[in-house]
Amino acid sequence: MLTINKLNKSYGRFKALTDLDLHIERGDIFGFIGPNGAGKTTTMKIVCGLLSADSGEVYVDGIDALRENSKIKRKVGYVPDFFGVYDNLKVMEYMYFFASMYGYSQKDIKDTILGLLELVNLSDKQDSYVDGLSRGMKQRLCVARALIHDPDLLVLDEPASGLDPRARFEFKEILKNLGELDKTIIISSHILPELSEMCNTIGIMEKGHLIAAGNVEDIMRQSMGIAPLHIEVVKNEDVAVKVLKESPLVEKVSIRDNMIVTTFTGDDLEIANLVKRLTDLDVGICKIFREKGNLESVFLEITGNEGGAK
Ligand SMILES: Nc1ncnc2c1ncn2[C@@H]1O[C@H](COP(=O)(O)OP(=O)(O)OP(=O)(O)O)[C@@H](O)[C@H]1O
Ligand SMILES: [Mg+2]
């Protein structure tokens with residue numbers, strides 16, 4: 001659905017994107033993570049045909065985003081990270097205004113707009129002034145607006161930032177509905193645990209490069225080595241501690257609440273081998289598990305603690 005090859009973009013002498021490669025399949029909900037200034041907004045604007053690039057290739061469903069500007073704008077919907085000011089404009093007027101930019105007449109588009117307002121849960125706000133809406137409502141209105149021309153790819157720049165937990169929950173429901181409509185979606189965010197719930201694939205970006213990408217489970221699995229391993233032992237605990245301390249896969253061993261807690265960087269097979277080795281030495285293991293890793297720790301690990309909440 002989206003293929004980016006060796007994309008480069010500089011602002012003056014500053015290089016915002018360096019040989020960026022990215023691939024997103026149709027129907028994916030792709031989470032774009034990275035610290036401030038990583039290049040997420042820059043990439044998204046280029047994909048939407050809103051910003052030129054210096055070199056590289058960007059194809060959305062075979063359409064060249066760098067050259068076929070009017071076609072790309074039909075193909076994608078963009079929700080910017082900043083909602084403009086719209087004095088004295090009511091919700092329906094706002095929607096008609098954007099519809100007119102795509103050449104739709106009010107008569108033809110009315111039902112579509114009503115459907116979209118229903119989708120984003122704003123049906124009862126049709127006659128409200130846009131500037132009087134709450135932040136979460138504005139965010140949803142922006143999504144409705146970006147869907148007017150029925151784009152295949154929807155690009156959302158930090159849609160969940162500044163929303164309270166309830167608004168974020170509602171937003172997630174909307175994303176789910178969009179997924180059912182077979183849209184491909186890109187979302188950028190700093191709210192990492194949230195992204196793991198919303199998205200099926202994620203890409204982690206830093207300083208204009210993609211430093212990790214894949215489905216959420218794979219990225220989480222990669223992070224598993226980071227999460228501590230807990231072992232509860234009922235017999236020969238000292239033997240277990242000694243074995244662990246001697247293992248090249250272990251950096252630290254401590255005892256917490258009668259549990260051995262250790263940094264064990266091995267995979268599942270290596271854990272199985274460890275259990276066998278300990279059992280052979282008559283260590284009585286009654287429980288062993290990994291602490292559940294989360295995206296936040298993956299992100300910090302991969303970006304070397306430079307990232308963080310905005
Ligand atoms: N119009 C511009 N002129 C000059 N530099 C820019 C411009 N837009 C972005 N940059 C720079 O390019 C880099 C990437 O910016 P970008 O907005 O793409 O990052 P981002 O990942 O979206 O960050 P954030 O999380 O803060 O939104 C930053 O260092 C930024 O300062
Ligand atoms: Mg940004």
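Before moving on, here are some points about what is shown:
- Members of region 1-49 that are hydrophobic (A, V, I, L, M, F, W, C), in contact (Cβ under 8 Å) with a residue 24 or more places away in the chain and assigned to a strand (DSSP E or B): LEU2, ILE4, LEU7, ALA16, LEU17, LEU20, LEU22, ILE24, ILE29, PHE30, PHE32, ILE33
- Pick from region 166-196, criterion within 16 Å of ligand 2 (Cβ to nearest atom) and at pLDDT 80 or above, ranking: farthest from ARG135 (Cα to Cα): ILE186
- Within region 240-264, considering residues that are in contact (Cβ under 8 Å) with a residue 12 or more places away in the chain and assigned to a loop (DSSP other than H, G, I, E, B), the one surrounded by the fewest Cβ atoms within 10 Å (Cβ to Cβ): ASN258
- Residue in region 168-186 that is of a type in the set (S, T, N, Q), within 16 Å of ligand 1 (Cβ to nearest atom) and touching an Asp or Glu at 6+ places or on another chain (Cβ under 8 Å) present: no
The values are calculated or read from the model by the stated rules, or taken from the named source; none is laboratory data. A quick note: this is a predicted structure, and the numbers were derived from the prediction, not measured. All Cβ positions, even for glycine, are placed from backbone atoms using ideal geometry, and neighbour counts span all protein chains on display.
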